[in-house]
Amino acid sequence: MVEEWQPEFLVEAKVDLVRKDLIAYIEKNSEKIDSNIPIFFGHVLSIIDSSLPNLDDKAYDRLIDDITVKVLEESSKSNDVEYIERLFSHAHRLKRRPGGKMIFDIILGLKMIEIGKYREAIEQLRPFRKIDAIIYTAIAYCYHILATETYTGETGPERGKTSDMALNAREQMIELARVRPPVNRLKFPRVIKDLKVNKIFWFMLKLGIEWFPEEPRFLTIGLEKATLDGNQVMRGELLTIASERYYNEMEFLRELYSYKISERDATGAAAVIKQMTQHHPQDLEPVYYGLQLSIISQQATAYARFRKMAVANGMPVQVLMLLDFSFSLVKGNKEEAFAGLDMIRARMAKKNHYLILIEYLAEDAFSENEGRARHARSVLMDSIDQYCLNLITRKQPV
């Protein structure tokens, strides 16, 4: 029999319902679960089989991860390494996909940090440090704490002498900058409400910036994580440092401009564009951002000024036409926008697949339904922005 297809959102809703029911059960029966873990997991399997018979392997394994970590959080034995290993061993045997043990091994290492077993945590986490930047910082944190402990009491090293542990902490951080492992590659179970390892990450990253003030990659790594996490506070803090130390680096100026736009700070964004133009007068990017900001703020005079600069600097004509169309769109001038669209169609015939998208969204952008029009304008502007930036950064006409 062919399995009945169900929309992903419907499957996810059913998984969430099962997850909530199991979490409620765990919260009420923690001691009972601890006394016989295999029976509990048998209960879990029975519920999944009956409620989610066709659950795919990825979603199934994620659910097992969530339930297992919830058991650990509720258990009175959560600081007992042997108990954790036994719990994770039972859970791992239930998982369907290969490699399912890795997340448990990493969580065990992080739990060791939490209970103060720093040396054991280092050995536990070491094999996984290149999986995610957060592991490097966790290992560095362990060395850092061990270094501070070395200095306590009468047996500590002589004043002014850097301990081996302190050097190891710095070595881990500089290796993080050199290797540049992925950021946020690890997908921790959803039931972890306050991921303490994130606090460790930021603590060590700030130390890395302090220890190695000439190394910009700590800022790059931090900005990537802050953006992915939606952490605007930390993003702003890192950009303040970057603007002081690397005020002429386009990488950080670009990020600072994006931050100002996301904060709806038009004055700040304009100041960044001015700074870009001063340090990179021949580049197209500052001019493009000037045009973009003029469109967002609907400043016709500024748009005309930056457009003149764009022509002088050799901005691809396709980009200029698309931006002219965008400005007409933002102003709500339908006749002008569609006249611009006719010019784009004549010039970009080879890009018909993209024109179809623009034409379709342009119709919706002037819909009498305000919600539909607003959504179409947003999608269209984002699409044009990505397309134009791709042309400019590649510096080759289409």
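Descriptive notes on the structure:
- Checking the range 263-282 against the condition returns a match, with at least one residue being in a helix (DSSP H, G or I), within 21 Å of LEU391 (Cα to Cα) and not aliphatic (A, V, I, L, M).
- Matching helices (runs of 4 or more DSSP H) fully within the range 301-398 where at least 1 residues are of a type in the set (A, V, I, L, M, F, W, C) and touching a residue at least 60 places away in the same chain (Cβ under 8 Å): 317-331, 370-394
- Exclusive hit being within 24 Å of the chain's Cα centre (by Cα), at pLDDT below 95 and closer than 21 Å to LYS14 by Cβ, set LYS58, LYS111: LYS58
- Condition check for MET204 on (1) more than 25 Å from LYS101 (Cα to Cα); (2) modelled with pLDDT under 95: one failure, at (2).
- For the range 157-191, filtering for residues that are modelled with pLDDT of 90 or more, among the small types (Gly, Ala, Ser) and either closer than 16 Å to GLY222 by Cβ or not in a helix (DSSP H, G or I) (or both) leaves 1.
- Pairs meeting the criteria (first residue in the range 43-63 and not charged (D, E, K, R), second residue not in a helix (DSSP H, G or I), beta carbons under 6 Å, at least 6 apart or on different chains) are ASN54/GLU3; TYR60/ARG96.
- Within the range 205-247, tally of residues that are touching a Lys or Arg at 6+ places or on another chain (Cβ under 9 Å) and loosely packed, with under 14 Cβ neighbours inside 10 Å: 2
The values are calculated or read from the model by the stated rules, or taken from the named source; none is laboratory data. All figures in this text were calculated on a predicted structure; none of them were measured in a lab. Note: ideal-geometry Cβ built from the backbone for every residue, glycine included; neighbour counts use all protein chains shown.
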